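Have a look at the structure below, then the notes.
The values are calculated or read from the model by the stated rules, or taken from the named source; none is laboratory data. Note that the coordinates shown come from a computational prediction; the quantities given were computed from them, not determined experimentally. Cβ sites come from the backbone with ideal geometry, for glycine too, and all protein chains shown count toward neighbours.
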Amino acid sequence: MRSGRFWAWVTFVLGACYFFIPLIATFEFSLRMKRGEYSFEAYKVVFGDPRFQATFTYSAVVAVLTIILGVLIVVPTAYWIRLRMPQLRPVVEFVTLLPLIIPAIVIVFGYIRMYGSSSPLPFLATARGTDALLVIGYATLALPYMYRAVDTGLRTIDVRTLTEAAQILGAGWTTIVARIILPNVLISVLSGAFLTFAIVIGEFTLASLLNRPAFGPYMQLIGANRAYEPAALAIIAFIITWGCMSVIQVLARFAPKSANQPN
Amino acid sequence: MQWLGVAPFFLFALLFLILPTLYLVVGAFQNAQGEYTLDNIAQLFLDASIRNSYWVSIKISFWSATLGAIFGLALAVAIVRGGLPSWVRSATMTFSGVASNFAGVPLAFAFLATLGRLGLVTILMRDLFGLNIYGMGFNILTSWGLIVVYLYFQIPLMIVIITPAIDGLKKEWGEAAATLGATTWQYWRMVVIPVLWPSFLGTVILLFANAFGAIATAYAFTGSSLSIVPIKLYAQMRGDVLHNPNLGYALAFGMIVITGIANVFYIWFRVRSERWLK
């Protein structure tokens, strides 16, 4: 047993080295911009760059819109499947998993061919339309995470009783979903939302191929042309991912653990 | 009437997931005049540069998935079964959650700052040990370099997925084996490995598909110099480098086929592994 513990430590320390050395190296590299001394100059340059501010804001807005669109699609569907059409569950689950099977670059390829300016749905004819298509594309990519998060949340509440109680009190479907179901699965929705945010904020493929001024293509451009700023951007991106994941962990503590429904 | 409740979802999926994909799949079997043909599919195998890009992609995905799964499993076993303090486990799980989502452009930057020509590790090797690794033929901008980079999200993903499976190994099984006189090695060979095997293989396949469709990391890392399928498709979408739009559709179709097959196996292994995890 003692030798087992020894090898467990060896494995853990080797793993920690592989994961921490690149972070330390990137941080050290990002401080080297001024010759002969460590400084936060690279961060100052990045934060002061108007293109950084513009692309980051753009991506943050797109992420928020993606989350709203995702919630609008996923919450009513997952609710309806639980309440009325459980026989459709395997089909819906399969569809939500498709974005993990079809690579993002293939999905956006299809968009570009299908929604050009001469098509019946000419999303790509205008800049606003392309922005909308980008949001839609991200909502598609986020579908597996969003659906699973919301469905897990719904499992812990008694959907049927809540619905009947609300109906007796005279609530319509919109009221039930928006004011009864959504608040009850809010923690799960927020977990899905932060994961979506972490994925969307630095996403490169869709934004680049749809020619949108997003943060991912901006980082790629800086990477191709500058030396120290990319390292600073990598650290910033890592901190954002870390922040989103920490929020999800904190939220998980508030989530109810088990189902309290009778069936 | 109750179909109305799921109509928005299916309409969305149809318009933005299924039809765009079908458009490419149908296009892969057509020529420029819209007649049906298998020429584009045949071209995927006949064109040396396309065949090569599939081969490089499969190689990178295979090795990053296999090594990621092995190292991830070793780390997961160490933190669950190794008798380490409990903070080690929670810290590893938290970090894995972050690192498995830390992919794309910034990840490429991190490794360039580490093992690039001016990276910290490269310089420390030179200054401390007198080893000029680039002089010795090392280069991070190769397929093996990319595999090392991909492991940064593959290993944590393996840890996140396989840890519940290791938790599912019941203590009683070990005790039962010991009562029956099994050695530690026999316990591992006859109980642990057969139980974990389906989840292990299933996750390997998931990691494979994960690496196969990824482009951002590779593109930020090597530009378009490394010829993997997603980068070829990216170039084709940017400027019809194959001079045949339908061949571009076939390229995309080939990607769907490979990730599709991978997922069929994944589902099959998942069903098998869930038998033990109740």
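Some values worked out for this structure:
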| read-out | value |
| --- | --- |
| Conditions (1) over 30 Å from B:Ala235 (Cβ atoms); (2) under 26 Å from the mean Cα position of the chain (by Cα); (3) β-branched (Val, Ile, Thr); number of the one not met by A:Ile101 | (1) |
| Count - residues of region B:32-87 that are of a type in the set (Phe, Trp, Tyr), free of Cβ contacts under 8 Å to residues at least 60 places away in the same chain and farther than 20 Å from B:Tyr249 by Cβ | 2 |
| Flag for B:Leu112 being part of a helix (DSSP H, G or I), in contact with a helix residue (DSSP H, G or I) (Cβ under 8 Å, 6 or more places away or on another chain), closer than 22 Å to B:Thr259 by Cα and within 13 Å of chain A (Cβ to nearest Cβ) | no |
| Hits in region A:94-128 (condition: in contact (Cβ under 8 Å) with a residue 12 or more places away in the chain and more than 11 Å from chain B (Cβ to nearest Cβ)) | A:Leu124 |
| Helices (runs of 4 or more DSSP H) completely within region B:173-258 that count 1 or more residues being within 23 Å of the chain's Cα centre (by Cα) | B:193-212, B:216-222, B:229-239 |
| Residue within region B:51-59 that is surrounded by fewer than 21 Cβ atoms within 10 Å (Cβ to Cβ), among the aliphatic types (A, V, I, L, M) and within 11 Å of chain A (Cβ to nearest Cβ) present | no |
| Qualifying residue in region B:26-33 (condition: in a helix (DSSP H, G or I) and not small (Gly, Ala, Ser)) | yes |
| Residue check, B:Val241 closer than 23 Å to A:Gly223 by Cβ and of a type outside the set (Phe, Trp, Tyr) | yes |
| Any hit, region B:122-138, residues being free of Cβ contacts under 8 Å to residues at least 60 places away in the same chain, surrounded by fewer than 19 Cβ atoms within 10 Å (Cβ to Cβ) and closer than 26 Å to A:Ile239 by Cα | yes |
| Matching option when the condition is in the same structural domain as B:Ser225 (by TED's automatic domain parsing) and more than 30 Å from A:Ala139 (Cα to Cα), among B:Leu67, B:Leu44 | B:Leu67 |
| Helices (runs of 4 or more DSSP H) completely within region A:157-263 that count 1 or more residues being buried (at least 17 other Cβ atoms within 10 Å of the Cβ) and within 11 Å of chain B (Cβ to nearest Cβ) | A:186-201, A:205-209, A:215-225, A:229-254 |
| Unique match (being under 20 Å from B:Val271 (Cβ atoms) and at pLDDT 85 or above) among B:Thr203, B:Thr179 | B:Thr203 |
